[in-house]
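The values are calculated or read from the model by the stated rules, or taken from the named source; none is laboratory data. Keep in mind that this is a model prediction, so the values were computed, not measured. With ideal geometry, Cβ positions are generated from the backbone for all residues, glycine too; neighbour counts draw on all protein chains shown. Surface areas here come from the heavy atoms of the whole protein model, side chains and all, with no ligands, DNA or RNA. Shrake-Rupley method; radii C 1.70, N 1.55, O 1.52, S 1.80 Å.
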Amino acid sequence: MEKIKTSATPISWVYAAVIIYASLFPFIGWRNQAIYPWEFLFAPIPVYWTGYDLLINLFGYVPFGFVLALVDLRVNKRKTQSIGYHWTFAILLSLVLESMQTYIPSRVPSTVDFLLNSLGACIGACIAYYFEKHKIIDTWNQLRSRWLIKESAGPLACLMIWPLAIVYPPTIPFLMGNIVWGIKNKFSQFFIESSFGEMFKLTNETQGQITFGESFACVATGMLMPIFLGFCIVPMQRHRICLILGLAFVGASALMISSTLTFGLMHIFSWASLIVCIGYTIAIAFAVALIKTTTKTMQFLVLGVIIVHLILTYRISSDVYLAQSIQIWEQAKNARFIGLTQWVAWLWPYIVFMLVLLRLLDKSLNKIYTNENSTNNQII
């Protein structure tokens, strides 16, 4: 029997990483506090709590329980009458993470948090079983079989994560992959005091001012990366038009959210400068011009666009005034979410590059590319 590949599997991995990051943030100050990690289970209920904490602990695990139950139902083909076991991993993960918080002085493990996490995972699993029982997921299955090629789980998961990569406010909108400057900023003191200090100063001194053309090229390539990635799994032209419009809308919405969180609601359109509008328009026009390109050719174009974008990214340093605004944003109660979006923005192009490269090297996908418009039965 052919193994079913589902985008719920990589999404569950990503969501597990999100939960681990949010639960163990800020990852500093670890020490043994002379108490057992499971003692929080027998501690009294905390006196001080907020509605925000209750909601984030409850609803934060609902999507995780949903995708894990979906994997159990679709990959293992379990019946809705028999409760699966994949979603119980969410409860076990919550227990482990709450126990590990015992060793982080800035975090407080709580039985209430653990129970809310477990309840959220159960709610998510029940929603998945309900959707499966009433054939709601089959509607998505039919839509996906008409729109996407058979092997689309990985790229589809990357497209779903892409909005998080552009929410974190960069120097230029749609800028991603600047992990080199991120590492330098976080470990600048270490570099300066080490034997690499002269090299670190040299790279900062040799960096020139980015030109107007490089700026809108960075915006254009940043927008083309998800569009071309979508073209790799969407073979039909009319569906690609919808994909372009959908990604353009999602990208603009993510930038508006980013501007609102960074500078306030009055500056919701502060990202829409002349450079961004030109790059945005060029990206959409270029994507429309290549709408008839085959999915296999699009993979080479994705790799090329990513390389160009990363070269441009290396020339762009951080903005001092933007960094001050981000620092205020990061000190709010959403600091864990902000730090997560930063890592997604740093790593997203590299993950897509490796994913597409591996797909090009996979000879088993050749038959799929030669029969792009054939129907398939892949499901989420």
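Estimated at 0.36 nm per residue, the fully extended path between Thr260 and Met160 surpasses their Cα-Cα distance by 33.9 nm.
Relative to the current alpha-carbon distance between Val112 and Glu39, full extension at 0.36 nm per residue lengthens the span by 25.0 nm. Taking every protein chain into account, the 1.4 Å probe leaves Tyr85 with about 120 Å² of accessible area, to the nearest ten.
Starting from the Cα gyration tensor of the range 114-160, take the square roots of the eigenvalues, sort them a ≥ b ≥ c, and report rounded, prolate or oblate (rounded when a/c is under 1.5, otherwise prolate if a/b is larger than b/c, else oblate). Oblate.
When Arg31, Arg74 are compared by accessible area of protein heavy atoms, the largest-first order is Arg31, Arg74, using a 1.4 Å probe. As a calculated quantity, the FRET efficiency between Met100 and Ala272 at R0 = 45 Å, using C-beta atoms, amounts to about 0.60. Note on Leu358 and Thr294: their simple-model spin labels are 2.4 nm apart, each label 7 Å out from Cα toward Cβ. Full extension of the chain between Trp140 and Arg238 yields a length gain of 33.5 nm, computed as 0.36 nm times the residue separation minus the alpha carbon distance.
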